[in-house]
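Undergrad: Got a structure here, written out as structure tokens. Questions coming.
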Amino acid sequence: MATDDIYILGIYMTKFGKYPDKDTVDLASEAVIAALADAQVTMKDIGVMAAGCLMGQGGIGQMIQKQVGQTGIPVYNVSNACATGATALRTAIMAIKAGECDMGLAVGVEKLAGVGLLGGGGTPKSKNKEWTPQGRFGSVTNVDGLIGTAAMPGTFAQVGMEYGHKYGGATFELFAKISEKNHAHSTLNPLAAYTKRMSLDEIMNDIMISYPNTRPMCSANCDGAAAAVVVSGAKLKTLSLEQQRRAIKVSASILTSDPYQEACQVLPDVNTLTRIAAKQAYEQAGVSPSDLNLVELHDCFATAELVHYDNLMLCEEGGAVDFFNSGATWRDGSMPVNVSGGLESKGHPIAATGIANIWEVCHHLRGEAGPRQIEGAKVGLAHVIGLGSACGIHILEKSAL
Amino acid sequence: MTITQVPLVDYLVLGDSPHLIANECTKCGARYFDRRNACASCFATDFKKVTIVNEGIVRSFTIVTFAAPGVPVPFVAAIIDCGGTSVRGNLANVEATPEKVTLGMKVKLTTYSLGADDNGLEAIGFGYEPA
Ligand SMILES: [Zn+2]
């Protein structure tokens, strides 16, 4: 192991689901304490902490410290939409790379069980009905529903439909089949919020939210937390053989935002920044897509998973439909995608997601994934995207020991 | 003359031939419907008003059947390619079903009333109908 490499030393995710009796600090503390135990270190070893809770009040990192250990280290509270967890992890990694410390902690937590539709809506601008132009568009009222949709299901539906317009073949049934795959995968994941296998008919005939996304094709709002301990290669060399054996190499850690594109002001462009991040990640890691044994990608909606096959270069450009239809992305295929069940069934407690997907990949690379183990997994990729936009990609590799 | 109508957004121009306008960067030609401090593409700060053509094709759409409180459903949200400028808008005068709305369909701008406010001022919205 090179001294300037970065490793995941310990990592943990809570079961995703409903926790009416626990608050975000409880869930995050559970994740932190367990990640530290998994790393076989304590808060005393940690030199930097980054924390995120997108829907929270701010200052979540300090609130967690008061429950797990106040040691005076710097805390970075981060907020980057659905990429918040990945951003927290990357913040801790950057501090280590900068030489400020040799061990860092990242944690993401969210409570979303029972929260309805995300995005869109808005409150009337005044009590009296008065058409007064306001804001950067000079709009006289809330335009969600009058000028397209601002809600997440419709936004990502259009992302998938646009792919269909460009390349063809992206039918309602195809998107539903992607969801069928992820729900089937979830049956092997005891930490998923929903573990029920659903037939194609059940998925297509469920409540339509925003065509072509029915309810099971949308990410599940739920509660959950995930935390990771990262360490420098130099420090890892001084730790036990057991710690070195279970450490997972972070071969690439990338974060991008969306560069200007013609249409990005009317429909968020989730493609360009993902493609750029993927290219940078493969270069940094020195691996190609064909080297990957599993991928956890951001299937916030079934329509999104399709376009990311292409953006992550898992298939030929424009070939995502044929790629999916070949069966490649099922857990027994050539490129298993979202063997955790994905956000559609595992759930999507927003700030936890960007660390939980890394936990899933690490679990397989360590050979600890039990019945859902992808046999012989050596390299994996975890991807998240938050609208606005931010894309985080991490490529992870099994320890050489 | 008293103003009796107001557009839903300030990039909708009313009158005899309603149309959309955009703020176009004088350096690189990038177009924005909202007020910009500088161009997101080339960082220049000079913009001019340009007219967007009323005809376009549907590049993407979704039929929204579940929305935030107060947003009537169903409606068809779409991205329209109007001569190379992407526009966000609802489809109008078409049944909100996947049988009737298709990718690539030709559409044109139309306007409709959102009703009058307490002062008698009428707001006018826009959408795209099959051409
Ligand atoms: Zn410009």
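The values are calculated or read from the model by the stated rules, or taken from the named source; none is laboratory data. What you are looking at is a predicted structure, and each value in this text was computed from that prediction instead of being measured. Counting neighbours? That spans all protein chains shown, and the Cβs are built from the backbone with ideal geometry, glycine included. Ligands, DNA and RNA are excluded from the accessible area calculation, which covers all protein heavy atoms including side chains. Shrake-Rupley method; radii C 1.70, N 1.55, O 1.52, S 1.80 Å.
Undergrad: Just the number, please: percent antiparallel of the DSSP beta bridges in chain A, rounded to the nearest 5. Don't jump to the answer; show the numbers that get you there.
TA: Details: 40 of 53 bridges.
The antiparallel proportion sits near 75 percent.
Undergrad: Additional query: In whole Å, what is the distance between the alpha-carbon centres of the stretch A:150-215 and the stretch A:340-366?
TA: 18 Å
Undergrad: Which three semi-axes in whole Å describe the equivalent ellipsoid of chain A, each the square root of 5 times a Cα gyration tensor eigenvalue, listed largest first? Show your work: numbers first, answer last.
TA: Numbers: eigenvalues 215, 132, 77 Å².
So the three semi-axes of chain A are 33, 26, 20 Å.
Undergrad: For a Förster distance of 56 Å, can you work out the FRET efficiency between the beta-carbons of B:K49 and A:D322, rounded to the nearest 0.05? Please report the intermediate quantities before stating the final value.
TA: Working: r = 45 Å, r/R0 = 0.80.
Calculated value: 0.80.
Undergrad: Moving on. Of all DSSP beta bridges located in chain B, what percent are antiparallel, nearest 5?
TA: Here the antiparallel bridges make up roughly 90 percent for chain B.
Undergrad: With every protein chain left in place, what is the accessible area of A:M103 in Å² (1.4 Å probe, nearest 10)?
TA: Result for A:M103: roughly 0 Å² accessible.
Undergrad: To the nearest whole number, what is the average tally of beta carbon atoms from other chains within 10 Å of the beta carbons of peptide A:98-109? Show your work: numbers first, answer last.
TA: Details: counts 0, 0, 0, 0, 0, 0, 0, 0, 0, 0, 0, 0.
Mean partner shielding for this stretch: 0.
Undergrad: Divide by every residue of the protein assembly as shown the summed helix terms, -39500 (n - 2.57) for each DSSP H run of at least 4, and state the resulting mean residue ellipticity at 222 nm, rounded to the nearest 500 deg cm²/dmol. Mind showing how you got there, number by number?
TA: Numbers: 13 runs with 135 residues, N = 532.
It lands at -7500 deg cm²/dmol.
Undergrad: At 1.4 Å probe size, put A:R245, A:R331 in order of accessible surface, largest to smallest. Can you show the working numbers first?
TA: Details: A:R245 120, A:R331 65 Å².
I get A:R245, A:R331, largest accessible area first.
Undergrad: Classify the stretch B:5-130: rounded, prolate or oblate, from the alpha-carbon gyration tensor (a ≥ b ≥ c, eigenvalue square roots; a/c under 1.5 rounded; otherwise prolate if a/b is larger than b/c)?
TA: Working: a/c = 1.84, a/b = 1.29, b/c = 1.43.
Since a/c reaches 1.5 but b/c is at least a/b, the shape of the stretch B:5-130 is classed as oblate.
Undergrad: If you don't mind, there's one more thing I want to ask. Which distance in Å, rounded to a whole number, links the C-alpha centroids of the stretch B:102-119 and the stretch A:65-115?
TA: Here the answer is 46 Å between Cα centres.
Undergrad: Let me ask you something else. Restricting attention to the stretch A:77-173, which GluC sites (Glu not before Pro) occupy a DSSP loop and are surrounded by at most 14 other Cβ atoms within 10 Å?
TA: Answer by residue number: A:E100, A:E130.
Undergrad: Net charge near A:M49, counting Lys/Arg +1 and Asp/Glu -1 over other residues with Cβ under 13 Å of its Cβ?
TA: Values: positive: A:K44, A:K66; negative: A:D45, A:E100.
For residues surrounding A:M49, the net value is 0.
Undergrad: OK, next. Taking the Cβ of B:V107 as the center, what net charge do the other residues with Cβ under 15 Å away carry, scoring Lys and Arg +1 and Asp and Glu -1? Show your work: numbers first, answer last.
TA: Working: positive: B:R59, B:R88, B:K100, B:K106, B:K108; negative: B:E55, B:D81, B:E95, B:E129.
Charge balance in the 15 Å sphere: +1.
Undergrad: Label-point separation (nm) for B:D34 and A:K196, each offset 7 Å from Cα along Cα-to-Cβ?
TA: Calculated label separation equals 3.9 nm.
Undergrad: Quick check: the angle from helix A:272-285's long axis to the longest principal axis of chain A, C-alpha only, nearest 10 degrees?
TA: 20 degrees
Undergrad: Next up: I'd like the mean, over residues of B:87-95, of how many other protein chain beta carbons sit within 10 Å of each residue's own Cβ.
TA: Numbers: counts 5, 10, 4, 6, 1, 0, 0, 0, 0.
If you average over the peptide's residues, the count of other-chain Cβ atoms is 3.
Undergrad: Another one. In peptide B:97-105, how many Cβ atoms from other protein chains are near each Cβ within 10 Å, on average? Kindly include the intermediate steps, with their values, before the conclusion.
TA: Details: counts 1, 4, 0, 0, 1, 1, 7, 1, 0.
The shielding value for this peptide is 2.
Undergrad: Take chain A, connect every pair of alpha-carbon atoms lying under 10 Å apart with a spring to form a Gaussian network, then pick out the residue of A:K22, A:K279, A:K177 with the largest mean-square fluctuation.
TA: A:K22
Undergrad: With charges only on Cβ, +1 for K and R and -1 for D and E, what is the dipole size of the protein assembly as shown about its Cα centre, in debye, rounded to 20?
TA: Details: 42 positive and 52 negative charges, 161 e Å.
Charge dipole of the protein assembly as shown: 780 debye, to the nearest 20.
Undergrad: Ignoring everything but the protein chains, give the 1.4 Å probe accessible area of A:M55 in square angstrom, nearest 10.
TA: Approximately 100 Å² for this residue.
Undergrad: What's the local net charge at A:S199, with K and R +1, D and E -1, over the other residues with C-beta under 13 Å away?
TA: On the way: positive: A:K177, A:K181, A:K196, A:R197; negative: A:E173, A:E180, A:D201, A:E202, A:D206.
Its environment carries a net charge of -1.
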